[in-house]
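Contents: one structure, followed by commentary.
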Amino acid sequence: MLRRLCFTCLLAGLVPAAALAAEGSFTTYGPRIGFSTDPSQIVLGGQLELGEVAPDIDFVPSVDLGFGDHTTLVSLNGDFHYRFTVEGQKWQPYAGAGIALHFFTFDNPGPFVDHSDTAAGGSLIVGADVPTDRGSRFFVEGKFALGDGPSFKLLAGWNFKMR
């Protein structure tokens, strides 16, 4: 029952995101890579960025896949970033918060059946991005957990313009 509820909520969240993407409202997209602690994992993923949902605030939905520590983790994230302006600098720091839905699969040794779990959590985010020569943006961010999920994630990635 919980899985059906989570799947329904996921679909309900994706429909408006898909509509915004079709309108060209997402300003950037790109890959991300990093690591997490508790569980200790390599993290791969991707994100979209909807710029200016409010003055200086971006909505950044993303998907992360974590591998390692006898666990596979899929995280669906909905983050908001507040961008700070630093006069005379190209780089732009940001801070924010987000919510996440985590799907864990635990690898059991030997002939035992693997088991899974689903958890919801939140995070506090700090990061910065800088433009590259070709108009994309490179970023680095740290995510600190609130509730269930990885305790800390350090991610780096690239955001490419939609048009």
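Read-outs throughout are calculated quantities, based only on the coordinates presented, and are distinct from any laboratory measurement. Everything numeric in this text was worked out from a predicted model, so none of it was measured. Every residue, glycine among them, receives a Cβ derived from its backbone with ideal geometry; neighbour counts consider all protein chains shown.
Note on segment 47-95: Kirkwood radius taken over Cα pairs, Stokes-Einstein applied at 37 °C and 0.692 mPa s, translational D equal to 258 µm² s⁻¹.
Its residue count N fixes a reference of 2.2 N^0.38 Å for segment 17-163, and the Cα radius of gyration divided by that reference is 1.11. Pairwise inverse Cα distances across segment 74-139, averaged and inverted, put the Kirkwood hydrodynamic radius at 14.9 Å. Around the Cα centre of segment 42-163, unit charges on the Cβ atoms of Lys, Arg, Asp and Glu (plus for the first two, minus for the last two) sum to a dipole of about 420 debye.
Across segment 90-97, coupling constants 3J(HN,Hα) worked out from phi with the 6.51/-1.76/1.60 Karplus curve, θ = phi - 60°, read 7, 6, 9, x, 8, 9, x, 8 Hz, and Gly and Pro carry x.
Ranked for footprinting exposure by Cβ neighbours inside 10 Å, fewest first, 49, 87 give 87, 49. Legend: ranking of residues 153, 143 from fewest to most surrounding C-beta atoms inside 10 Å; resulting order 153, 143.
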